[in-house]
Amino acid sequence: MRLFAGGKQIGWLRPELAARLGYWKEIFQANAERVTLLKPEALTPVVEELAKEGFITGWRNERYRIADRFEIERAAARPFGLTTQAVHLNGIAGERMWLARRSATKQIDPGMLDNLVAGGIASGFSAFGTLVKEAWEEAGLPADLAHKATARGTISVLREVPEGVQSETVSIYDLELPEDFRPRNQDGEVSEFRLLTFSEVESETLTFEAGLVARHYLQRRRARAP
């Protein structure tokens, strides 16, 4: 079902969650076709209760800014189908690409290959500010090197996932890395790094978003080839 606020659709809800939200009649207005969020400022205790009831899992203690209207716990974004923002970095070393394997303890896509740097944009951060922060935390990239990354546009993702709906805009960055650079994870969220040829990257199974971002780079590279 569609979720509205301020006269615009902002998300998607599974029927069971939509039915549950209808019990908070001062905060949500529900009918057979849609649910309307009346009071975004009252969402926090609702989300906390939904987490206790199992509608929301993987609590992060991190806030996302939604449509420049309100903030919500990161773990609630997919159950509510809200559009979030993220940054991904293609780390290039000559004719090869660095990939990172997500820790087995990650809430989403544990153990899967990812771009060298990837992270959601939390409330209060810009895309580039998030890139610089995540570059150090995930790959040990110093700020002066991260600042050399080049913006390459965005891609949009809208798909059903186990948690609900993933609606996300991903800002893509490329960074040419020194041949002797070796990434080192700082926050425990990466279990290993792999330096692969471009053909090897194409044959690997990456997270959905990472696959799109890597393919975006490879297609641009082919387009530049003589």
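For this structure, a couple of remarks:
- Straight-line cross-link partners of Lys8 among the lysines, defined as a Cα under 21 Å from its Cα and at least 8 positions apart when in the same chain: Lys25, Lys39.
- Averaged over residues, the count of other Cβ atoms within 10 Å places the peptides 49-55, 115-121 in the sequence 115-121, 49-55, highest first.
- Theoretical ellipticity at 222 nm over the chain - DSSP helices of four or more residues, -39500 (n - 2.57) apiece, nearest 500: -7500 deg cm²/dmol
- Label point at Arg34 placed 7 Å out along Cα→Cβ; residues across segment 47-68 whose backbone nitrogen lies under 20 Å: 66-68
- Over segment 1-81, the reciprocal of the mean inverse Cα-Cα separation, the Kirkwood hydrodynamic radius, stands at 12.6 Å.
- Whole-percent carbon and sulfur share, accessible surface of the chain, 1.4 Å: 48 percent
- For segment 90-206, size of Cβ-based charge dipole, Lys and Arg +1, Asp and Glu -1, in debye: 140 debye
- In the full protein context, the chain carries 50 Å² of accessible surface per residue, based on a 1.4 Å probe and ignoring ligands, DNA and RNA.
- Against the main long axis of the alpha-carbon atoms of the chain, helix 43-53 sits at an angle near 90°.
- Phi angles of segment 176-185 translate, via the Karplus equation with coefficients 6.51, -1.76, 1.60 and θ = phi - 60°, into HN-Hα couplings of 7, 9, x, 4, 8, 6, 10, x, 9, 5 Hz per residue; Gly and Pro are given as x.
- Order of exposure, largest accessible area first, which applies to Met1, Met97 with probe 1.4 Å: Met1, Met97
The values are calculated or read from the model by the stated rules, or taken from the named source; none is laboratory data. The structure presented is a predicted model; accordingly, all values stated were derived computationally and were not measured. Methodologically, a virtual Cβ is constructed for each residue, glycine included, from the backbone with ideal geometry; neighbour enumeration extends over all protein chains shown. Quick note on the areas: whole protein, heavy atoms, side chains included, nothing else; ligands and nucleic acids left out. Shrake-Rupley method; radii C 1.70, N 1.55, O 1.52, S 1.80 Å.
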